[in-house]
1. Restricting attention to region 262-312, which residues are assigned to a helix (DSSP H, G or I) and of a type in the set (D, E)?
2. Just to verify a result, which residue in region 219-238, among those that are in contact with a helix residue (DSSP H, G or I) (Cβ under 9 Å, 6 or more places away or on another chain) and part of a helix (DSSP H, G or I), is surrounded by the most Cβ atoms within 10 Å (Cβ to Cβ)?
3. Tally up the residues in region 165-189 that are over 18 Å from T39 (Cα atoms) and out of contact with any helix residue (DSSP H, G or I) (no Cβ under 8 Å at 6 or more places or on another chain), please.
4. Testing K216 on (1) at pLDDT 90 or above; (2) of a type in the set (K, R); (3) not assigned by TED's automatic domain parsing to the domain that holds L105, one condition comes back false. Which one is that?
5. Read through the list (1) within 21 Å of R160 (Cβ to Cβ); (2) within 25 Å of the chain's Cα centre (by Cα); (3) at pLDDT 90 or above, then give the number of the only condition that L258 fails.
6. Could you check how many residues of region 1-33 are within 30 Å of I68 (Cα to Cα) and either of a type in the set (F, W, Y) or surrounded by fewer than 16 Cβ atoms within 10 Å (Cβ to Cβ) (or both)?
7. For Y241, indicate whether it is of a type in the set (F, W, Y), on the phi < 0 side of the Ramachandran plot, in the same structural domain as N143 (by TED's automatic domain parsing) and touching a Ser or Thr at 6+ places or on another chain (Cβ under 8 Å).
8. Would you pick out the residues in region 1-29 that are more than 24 Å from V179 (Cα to Cα) and in a loop (DSSP other than H, G, I, E, B)?
Amino acid sequence: MKEELTFRDKVVLAARDVVSLAPKLGLMKKPNHHKNGVTFIVAVKDGEKWIKSCLLSILSAADEIIVIDSSVEDNTTKIVESLAVGNSKIRHVKLFYDGYDAIALALHIGVALARYRWLFRWDSDCVAKSPEVIQEWVDRLKNLNPCAYYAIDLCRVNLRVDIEHQPCSNSDQFEFNGVRIFTWHPSLRGILKDSIGLEQVVGDSVWGQRLPLFYKLIRWYEPYMFHCDIKSPKNSLLRKYWFDYMLEGSKGARFKSLEEYTAYRVQQDEGLTMEEGIKKHMEFLLKDTMPYDKARFGDLPKLLKDSQDKLN
């Protein structure tokens, strides 16, 4: 499953390995800004389908979960509030902002509020395979060099259309897009605040190359979590144009919302109405899926099955 690295990628990663020694050599402050522990940062907007399963799947291993909630159209806020009652681990922050850079701002707020050394940037539609998987990641952190700063990509397995299907393409079944563990450092706040989305966090062919050079980059290919790329037909189409909308907004937004931008693109690119575009997109998604490969990835988490049952 591991990808082949280019010569340039190998050079950049090797350079980071060397520079990551700076704290140990006394050339910069060691990563003891916060007490040792784990903070999960979860940005969510109208994600009622999966937010409960998401939070419950990580709760046992978290020292705190900061939920940055921009929801206005569904019951996400009520669900998070109900989980937070009597549970001091969950810190519920409401952010009524719908700009193109909303996720970047939410992550910036999460980093600014975090109390612990390790930050999990966790998507609201991701569900851990089991509490043991989360604990394995946390145990691995304890074995890393305490004098170094790390950015660790975590693998996720994509589910699409419903929990019984995934993309046909083998390369689309896995991804390292979005979920990452960081060692807390003050510079992260500026990086996330100035980002136009996830590119500052996720990186490109050289993983997260926009991060400060003193961050040592790692990828953990196993174990993995599940990414529930399962949305309503309308929201699925909106997601298709989400990143382009953020780029548009970074140049000076001409559109008031993602929905307005999507309607414009569907008409411009395909000559379709929004309704026609939604139908065509769903037909494409269905053709591009295959049954979930249980033999390869094992049983689905009970939390996912319970959530799916409630949706049906």
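The values are calculated or read from the model by the stated rules, or taken from the named source; none is laboratory data. No experiment lies behind these values; they were computed from the predicted model shown. Note that we place each Cβ from the backbone using ideal geometry, even for glycine, and neighbour counts take in every protein chain shown.
1. D269, E270, E275, E276, E283, D306, D309
2. The extreme case among them is L237.
3. Filtering region 165-189 for residues over 18 Å from T39 (Cα atoms) gives 165-177.
Retained after the next criterion (residues that are out of contact with any helix residue (DSSP H, G or I) (no Cβ under 8 Å at 6 or more places or on another chain)): 165, 168-175.
Residues that pass the stated criteria total 9.
4. Only one criterion in (1) at pLDDT 90 or above; (2) of a type in the set (K, R); (3) not assigned by TED's automatic domain parsing to the domain that holds L105 is unmet by K216, namely (3).
5. Among (1) within 21 Å of R160 (Cβ to Cβ); (2) within 25 Å of the chain's Cα centre (by Cα); (3) at pLDDT 90 or above, L258 violates only (3).
6. First, pick out the residues of region 1-33 that are within 30 Å of I68 (Cα to Cα): 29-33.
Narrowing further to those that are either of a type in the set (F, W, Y) or surrounded by fewer than 16 Cβ atoms within 10 Å (Cβ to Cβ) (or both): 29-30, 32-33.
Number satisfying all stated conditions: 4.
7. Criteria not met by Y241.
8. Correct list: L21, A22, P23, K24, L25, G26, L27, M28, K29.
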